[in-house]
Amino acid sequence: MPTVLQLQLSKTNTMKKVKQILAATGLVVGFSLAHAGPIVIAGTDADDHGFLSGGVNQTGWKFMQLAMSNIGGAVSNGQTNAVCIGCNGSQASAAFSSAFGLAGLAGWTSSQLITTTDITNFFNNTGAVNLSNTGFIYMPTTTYNVGGGIDDSQLGVVNLNGTNINNFLAAGGGLFTQEQATSSIGYGWLTSLLPTLVVKGDNSGGVADASQLALTPQGNVQFPGLTNTDISNATPWHAYFEGGFGALQSLIVGNGNNFAANILDDTVVLGGGFAGGGGVIACGQANQPACNNVPEPDSLPLVLAALGGLYIAQRKKTKVL
């Protein structure tokens, strides 16, 4: 028969273990929130509708500059290299370089990957520039809508790596993409992560009004200094999104399907993971793959509640003694 002292020691040890589990679980929850990768997924070809004048980026390039500035400031994986996948020179590369150069990201560098071998090695972490040393990924508009844009061979490699992009974002990396709907395989990596997302645009009959765009309330928060005139002048735009957005939010809207008529109510730019709102494309989010060996978000409160109940019960038993 255990003595009273032995029982007290046993209960004390149990309470310590419960506290440790609660603390560890809290760290897991905190880790998943702290590593919310910032994202801008655009249906625009802003790189084709912008320019540099007097050392200042205008219209579409201004949008790109602000997006890169926000993304770079929110990246939490400790890396400071911006990588363009599919910048094949001409307008696409010029837009990337100008926007990045004026984004105010002190200490950051940039890289451009072109060959399918380099892009493949980027995703499998065998290249000199790879996911493990990248702060954020950028993809330009497809070559169908901007000179030097990403082509189908490069998109094909990206589409095979939706899970790697997902994991990169979940670990705090960032992502910024332009329009891909003009390619028959565009956004394949995205719909693999958000199966209920529907991409509409040039490859599915076009858009109702390709000249007008407007910032949503969340878009105004994420792009201070950007105006509806700026983004509307960076048109025509080419794609919009319907269906399940997961944890992402609508940042810019336009008139895609003309329902209701002449109303800017269709999402042209998605985003998330910034301070003050949004979310990320990451495992465990709505309409996305489950996280391996990690409690689902909905189950975490139940785990915490159960552990908390165990802790309270042990305290009550100790007081009785």
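The values are calculated or read from the model by the stated rules, or taken from the named source; none is laboratory data. Everything numeric in this text was worked out from a predicted model, so none of it was measured. Positions of Cβ are generated from backbone atoms using ideal geometry, with glycine treated the same way; all protein chains shown enter the neighbour counts. With ligands, DNA and RNA removed, areas are computed over all heavy atoms of the protein, side chains included. Shrake-Rupley method; radii C 1.70, N 1.55, O 1.52, S 1.80 Å.
Residue-level analysis places Ile150 outside the set of residues that are within 20 Å of the chain's Cα centre (by Cα) and more than 19 Å from Trp61 (Cβ to Cβ). The residues listed here are Ser90, Ser97; of these, the one that is closer than 22 Å to Thr142 by Cα, polar (S, T, N, Q) and without any contact (Cβ under 8 Å) to a residue 24 or more places away in the chain is Ser97.
Here Gly135, Gly148 are screened, and the one residue that is modelled with pLDDT of 95 or more and either open to solvent by less than 10 Å² (accessible area, probe 1.4 Å) or in contact with a Leu (Cβ under 7 Å, 6 or more places away or on another chain) (or both) is Gly135. Of everything in segment 80-89 that's outside any loop (DSSP other than H, G, I, E, B) and open to solvent by less than 10 Å² (accessible area, probe 1.4 Å), which residue is nearest to Met68 (Cα to Cα)? Within segment 80-89, the match that is nearest to Met68 (Cα to Cα) is Ala82. With respect to (1) modelled with pLDDT under 90; (2) open to solvent by 10 Å² or more (accessible area, probe 1.4 Å), the lone exception for Thr235 is condition (1).
A single member of Ala74, Ala92, Ala103, Ala67 is under 24 Å from Leu270 (Cβ atoms), in contact with a strand residue (DSSP E or B) (Cβ under 7 Å, 6 or more places away or on another chain), of a type in the set (A, V, I, L, M) and open to solvent by less than 20 Å² (accessible area, probe 1.4 Å), and it is Ala67. Candidates in segment 151-163 are the residues that are free of Cβ contacts under 8 Å to residues at least 60 places away in the same chain and open to solvent by 30 Å² or more (accessible area, probe 1.4 Å); of these, the one that is farthest from Ser97 (Cα to Cα) is Leu160.
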